[in-house]
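Where a number appears in this text, it was derived from the coordinates with a stated rule and is not lab data. Everything quoted here is computed from the prediction, not taken from an experiment. In this analysis, Cβ positions are derived from the backbone assuming ideal geometry, glycine residues included, and neighbour counts consider all displayed protein chains.
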Amino acid sequence: MEVSVRRATRADAGAINRIYNHYVRSSTCTWHLTEETDDGRRKWLESRSPAHPVLAAEAGGEILGWASLSVYNSRQGWDGTVEDSVFIDHRHHGKGLGKLLLGKLIEEAVKLGHRVIVARISGDQEASLRLHAAQGFENAGKLRGVGRKLGQTLDCVYMQKTLGRPLAP
């Protein structure tokens, strides 16, 4: 299967939403409890700045996964720090798509001049923790018992990847 990665478009909203909503219903990898609408997802895609892209992994005309860089904090002192998200269609796990998308997302972040990527990962999501560690993210801390979903109390693990030299104090 030949997979290409490209910038997501408005036309990808339904596929991105289908992938995401599977996890809203069935997993702790997102702590959203209410499914997103396709219209809401289109608006989300349209509202993205060029500095905060959404990438889509595609094969044979089908979106197999997506990844995004988002504003980590809106206060100006956080400029250059972004948060990543990576979601793979549950039918395509174990094929290296997460590694491919996160790698491309890191490349984009470097090109865009971001300094740090932060990942907030549910503590029970071992595959995501391993994926980020394999891409050079380091553990940056844990918030214990801060989330609830599917009858579970959840920890939030913070990981970060520094892309360039930190700003001088």
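Worth pointing out:
- Here the gap between residue 146 and residue 48, fully extended at 0.36 nm per residue and compared with their Cα-Cα distance, gives a gain of 32.5 nm.
- Selected from 56, 125, 139, residue furthest toward positive end of dipole (the chain; charges at beta carbon): 139
- Counting lysine pairs in the chain whose alpha carbons fall under 22 angstrom apart, excluding pairs fewer than 8 residues apart on the same chain, gives 6.
- Most positive-pole-ward Cα, 77, 47, 31, against dipole of the range 4-119 from beta carbon charges: 77
- Cβ crowding within 10 Å averaged over residues, with 103-109, 38-44 ranked highest first: 103-109, 38-44
- Distance from the alpha carbon centroid of the range 21-67 to that of the range 79-115 works out to 13 angstrom.
- Residues residue 79 and residue 25, FRET efficiency given R0 of 45 Å [Cβ-Cβ distance, rounded to 0.05]: 0.80
- Taking every Cα-Cα distance in the range 4-119 and sorting them into 10 Å bins starting at zero, the pair-distance distribution P(r) comes out as 14, 46, 35, 5, 0 percent.
- Given charges at beta-carbon only (K, R positive; D, E negative), |dipole| of the range 15-169 in Debye: 300
- Full extension of the segment from residue 124 to residue 6, taken as 0.36 nm per residue of separation minus the current Cα-Cα distance, would add 39.5 nm.
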